[in-house]
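Comments concern the structure below.
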Amino acid sequence: MEKSSVLLQIAEVMVIGSTYIVVSAGLITFNKYLMKEGRFPHAVQLTAMHMATTSLLSMILCLAIPSIYPSMPKAMENWKHLSRFMVPLGLLFSLALFTSNQAYFYSSVAFLQFCKQGNVAVIFLGGCMVGLQNFSWTKLTVLAVVACGCSMCATGEIKFALPGLLLRLLSQIAECTKNLIGEVVLTGAGLKLDVLTFVAFQAPFSLLPLLAGAFWLWTPEVAHDFGVMWHVLLLNACLAFALNVLIALTLKRLSALSFVLIGLAKDVTIVSSSSLVFGDPISHQQMVGFMVTLLGMALWSHLKLTEQAQKEKEEIPIINKKAENA
């Protein structure tokens, strides 16, 4: 009985993990495919479609299966208070998505994925500044390994395009700032939300500035390309929403360690698919740099998991003591 239970857990990790990897890598490859001339190279309009579809499907899913939105009742009760925080978060998220999609027009998926690994360093430094992270020289050393690997990947790019790099950096800054503000404000305000509830609230606030941008940058080519590619764009937008659901499912059903390992496997899959599907050249320097980056990410994850386990051990005596006093 115990053996069958273990086998079922392994099967669950394999199914959820592989599905998450395929959908995540597939969406990135899909976006790159669309951002080519003759298809739909309109980043603002593409991102607006993602957010419009996510807003609609979130509403439908919440009405159909309210149990997977556990913090929705609390969010609805405090919607006015929550809205004040969602306005800047929505603006930052829309900026991050737009610049990320626009970067595909200039640079390869592999190169942009290499650059994205630097997010952990940006979040750590920003977290230290606002008191969310505890500084340590060990962490800084591990992040130096990650930064070294990212630098090797960036300088080894064969088809380097400065606009692609700048757009990716802007996207990373916006995304990391959004994550930090979200953690500080929502947690501090007592409005900790589950992933799907957060997405359901964030999507409409991200959609509004994107609609303004889509209107401002509208050209006849947008309407023409949409008429040709509308069915493909609908599939792309549904895949973007499916990824949000999968992220929530993965975080809920799998352990933190499993999620970390799946994340590393996802990065390898995305870089490999970029080379296989689009024929993006990857230099030997980038291969070495990517391995160094993955090593740094694995070490960083180990540090964070150890820190979390230690924190949980320290909290247990406090909880027991409170129970005794009660």
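The values are calculated or read from the model by the stated rules, or taken from the named source; none is laboratory data. Keep in mind that this is a model prediction, so the values were computed, not measured. Note that each Cβ is placed from the backbone with ideal geometry, even for glycine, and that neighbours are counted across all protein chains shown. Surface areas here come from the heavy atoms of the whole protein model, side chains and all, with no ligands, DNA or RNA. Shrake-Rupley method; radii C 1.70, N 1.55, O 1.52, S 1.80 Å.
Is it fair to say residue 113 is closer than 30 Å to residue 36 by Cβ and at pLDDT below 75?
So residue 113 fails the test.
Condition test on residue 37, is it more than 19 Å from the chain's Cα centre (by Cα), farther than 29 Å from residue 296 by Cα and open to solvent by 30 Å² or more (accessible area, probe 1.4 Å)?
Yes: the conditions hold for residue 37.
Of the conditions (1) surrounded by fewer than 16 Cβ atoms within 10 Å (Cβ to Cβ); (2) part of a helix (DSSP H, G or I); (3) modelled with pLDDT of 80 or more, residue 201 satisfies every one except a single condition; which number is it?
(1)
Exactly one of these conditions fails for residue 107: (1) farther than 19 Å from residue 196 by Cα; (2) polar (S, T, N, Q); (3) not in a loop (DSSP other than H, G, I, E, B). Give me its number.
All conditions pass for residue 107, except number (3).
For residue 310, indicate whether it is open to solvent by less than 50 Å² (accessible area, probe 1.4 Å), at pLDDT 75 or above and outside any loop (DSSP other than H, G, I, E, B).
Values: open to solvent by less than 50 Å² (accessible area, probe 1.4 Å): no; at pLDDT 75 or above: yes; outside any loop (DSSP other than H, G, I, E, B): yes.
Judged against the criteria, residue 310 is not a match.
Name the single residue that is least open to solvent (accessible area, probe 1.4 Å) among those in region 204-229 being outside any helix (DSSP H, G or I) and closer than 28 Å to residue 87 by Cβ.
217
Among the residues of region 214-234, which ones are in contact (Cβ under 8 Å) with a residue 40 or more places away in the chain and either among the aliphatic types (A, V, I, L, M) or closer than 19 Å to residue 200 by Cα (or both)?
Across region 214-234, the qualifying residues are 214, 217, 222, 229, 232, 233, 234.
Residues that are within 21 Å of residue 270 (Cβ to Cβ) and of a type outside the set (A, V, I, L, M): does region 82-95 have at least one?
Looking through region 82-95, at least one residue is within 21 Å of residue 270 (Cβ to Cβ) and of a type outside the set (A, V, I, L, M).
Please indicate, with yes or no, whether at least one residue in region 164-176 is surrounded by 14 or more Cβ atoms within 10 Å (Cβ to Cβ), at pLDDT below 80 and either of a type in the set (S, T, N, Q) or not in a helix (DSSP H, G or I) (or both).
Looking through region 164-176, none of the residues is surrounded by 14 or more Cβ atoms within 10 Å (Cβ to Cβ), at pLDDT below 80 and either of a type in the set (S, T, N, Q) or not in a helix (DSSP H, G or I) (or both).
Does residue 55 count as small (Gly, Ala, Ser) and in contact with a Phe, Trp or Tyr (Cβ under 8 Å, 6 or more places away or on another chain)?
No, not satisfied.
Name the single residue, out of those in region 145-156 being surrounded by fewer than 20 Cβ atoms within 10 Å (Cβ to Cβ) and of a type in the set (A, V, I, L, M, F, W, C), that is modelled with the lowest pLDDT.
Here the residue is 154.
For region 45-61, state whether one or more residues are assigned to a loop (DSSP other than H, G, I, E, B), under 23 Å from residue 235 (Cβ atoms) and of a type outside the set (Lys, Arg).
Taking every residue of region 45-61 in turn, none turns out to be assigned to a loop (DSSP other than H, G, I, E, B), under 23 Å from residue 235 (Cβ atoms) and of a type outside the set (Lys, Arg).
All but one of (1) open to solvent by 10 Å² or more (accessible area, probe 1.4 Å); (2) under 30 Å from residue 235 (Cα atoms); (3) more than 19 Å from the chain's Cα centre (by Cα) hold for residue 142; state the number of the condition that does not hold.
Among (1) open to solvent by 10 Å² or more (accessible area, probe 1.4 Å); (2) under 30 Å from residue 235 (Cα atoms); (3) more than 19 Å from the chain's Cα centre (by Cα), the lone unmet condition for residue 142 is (2).
Within region 56-84, how many residues are closer than 13 Å to residue 203 by Cα and open to solvent by less than 80 Å² (accessible area, probe 1.4 Å)?
Going residue by residue through region 56-84, those that are closer than 13 Å to residue 203 by Cα are 56-59, 83.
From the residues that got through so far, the ones that are open to solvent by less than 80 Å² (accessible area, probe 1.4 Å) too are 57-58, 83.
Residues meeting the conditions: 3.
Residue 37 versus (1) in contact with a Phe, Trp or Tyr (Cβ under 8 Å, 6 or more places away or on another chain); (2) farther than 22 Å from residue 196 by Cβ: which is the lone unmet condition?
All conditions pass for residue 37, except number (1).
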